[in-house]
Amino acid sequence: MRGTADTGVCIGAGMCALTVPAVFDQSEEEGLVVVLTSEVPAGLEQAVRRALTLCPSGALAAV
């Protein structure tokens, strides 16, 4: 599984970074989502799916 993010849609709420800090962070400059790893580490798939549901702008996806 890969986590992806659309920074054009992101509003910087930070739910992704709070939910799965090993996969998502926020940029210092704009506060927008940053994907830290191309592949979701084993055992974090469910947490990433949770982050997708918590994202208020729908900027996250899992492939």
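Here, each number is a calculation from the coordinates, and none is a lab measurement. Being a predicted model, the structure only gives us computed values, none of them experimental. Note: ideal-geometry Cβ built from the backbone for every residue, glycine included; neighbour counts use all protein chains shown.
Counting only alpha carbon atoms, the long axis of helix 45-54 and the longest principal axis of the chain meet at about 30°.
Amide H to amide H distances under 5 Å link Phe24 with Leu36, where only residues 5 or more positions off or on other chains count and H is placed in the peptide plane.
Projecting each Cα onto the charge dipole of the chain (Lys/Arg +1, Asp/Glu -1 at the beta carbon, about the Cα centre), which of Ser57, Ala42, Leu32 comes out farthest on the positive side? Of the candidates, Ala42 comes out farthest on the positive side. Only Lys, Arg, Asp and Glu carry charge here, each on its Cβ (+1 for the first two, -1 for the last two); on that basis the chain has a dipole of about 320 debye about its Cα centre. Based on C-alpha pairs under 8 angstrom that are at least 6 apart in sequence, the chain has a relative contact order of 47 percent.
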